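Just below is one structure, and these are the notes that go with it.
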2 protein chains.
Amino acid sequence: MTFEVLVNVSLRPGIADPQGATIERALPALGFAGVGHVRVGKSIAFTVDADDEAAARSTVEDLCHRFLTNPVIEDSSISIAAVAPVD
Amino acid sequence: MTFEVLVNVSLRPGIADPQGATIERALPALGFAGVGHVRVGKSIAFTVDADDEAAARSTVEDLCHRFLTNPVIEDSSISIAAVAPVD
C-alpha cells in the first residue's frame, strides 16, 4: 500500500527563530496588526510504500529522527493518509 | 479572539524541487526504500487577532497572497483554530 505523508518540522519552543522574528517585525508596517508568535518551519511531503499504516508510521518516525529533523532543536509532527489504490 | 494559524507553503505541481529530488535520491542508499514524490515546502505558524474565524481567514489569505507565498510557483494551505480565551 502507498501512504501519503506530510511531516511538519518546527523549531522547539525556546529556540530562537530569526526568520519568524523578522516576519513578525515587518508585518505591522505592512498593514497587518495583531499577528504574533510567528515561527517558520519546514514541511516535507512524500509517499511511502508499506504493508499497513503502523509500518508506514514507524518508517516515517525513523526517517524523521535520523534525517529530516535535528531532534536537539526541532520537533516534528506527522500526518499519514492511505492513498486509494488505482485498479 | 485569538486564532492559531498554520500555513503550509508548497511548490505547485510541475515546479522543479531540487531539494526534494536530492532527498529522494539519497534515501535508498540510506536504507529507506519505497519513499517517493518528495516535495519540500515551508510551514509558518502564527497567531492572529480577529473578531471571528471568517475575518481571521480573510486576513491570513491576504497575508499568504501578498507576502508568505509566491503565487506564481507556490500553493498554500491554511488551517485555523480558535485559541480558548484565558480568563
* Asked: Does residue B:63 count as exposed (fewer than 13 other Cβ atoms within 10 Å of the Cβ) and either touching a Lys or Arg at 6+ places or on another chain (Cβ under 8 Å) or at the interface with chain A (Cβ under 8 Å from one of its Cβ atoms) (or both)?
  -> no
* Structure fact -> Note: among A:27, A:11, just one is without any contact (Cβ under 8 Å) to a residue 12 or more places away in the chain, more than 7 Å from chain B (Cβ to nearest Cβ) and either surrounded by 14 or more Cβ atoms within 10 Å (Cβ to Cβ) or in contact with a His (Cβ under 8 Å, 6 or more places away or on another chain) (or both), namely A:27
* Those strands (runs of 3 or more DSSP E) lying entirely in chain B with at least 3 residues touching a strand residue (DSSP E or B) at 6+ places or on another chain (Cβ under 9 Å) and hydroxyl-bearing (Ser, Thr, Tyr) -> B:74-82
* Asked: Applying the selection to segment B:39-58, what residues are at the interface with another protein chain (Cβ under 7 Å from one of its Cβ atoms) and either within 15 Å of the chain's Cα centre (by Cα) or within 21 Å of residue A:19 (Cβ to Cβ) (or both)?
  -> B:39, B:40, B:41, B:42, B:43, B:44, B:45, B:46, B:47, B:48
* Structure fact -> If you go through B:86, B:40, B:35, the only one that is β-branched (Val, Ile, Thr) and at pLDDT 95 or above is B:40
* Pairs only if they're at least six apart or on different chains, beta carbon under 8 angstrom, first in segment B:56-84 and closer than 16 Å to residue A:26 by Cβ and in contact (Cβ under 8 Å) with a residue 40 or more places away in the chain, second open to solvent by 40 Å² or more (accessible area, probe 1.4 Å) and of a type in the set (S, T, N, Q); list them, first residue then second. => B:64/B:76; B:68/B:76; B:69/B:76
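The values are calculated or read from the model by the stated rules, or taken from the named source; none is laboratory data. Source: prediction; values computed, not measured. Cβ: placed from backbone, ideal geometry, glycine included. Neighbour counts: every protein chain shown. Side chains are part of the model used for accessible areas, which takes the heavy atoms of the whole protein and leaves out ligands, DNA and RNA. Shrake-Rupley method; radii C 1.70, N 1.55, O 1.52, S 1.80 Å.
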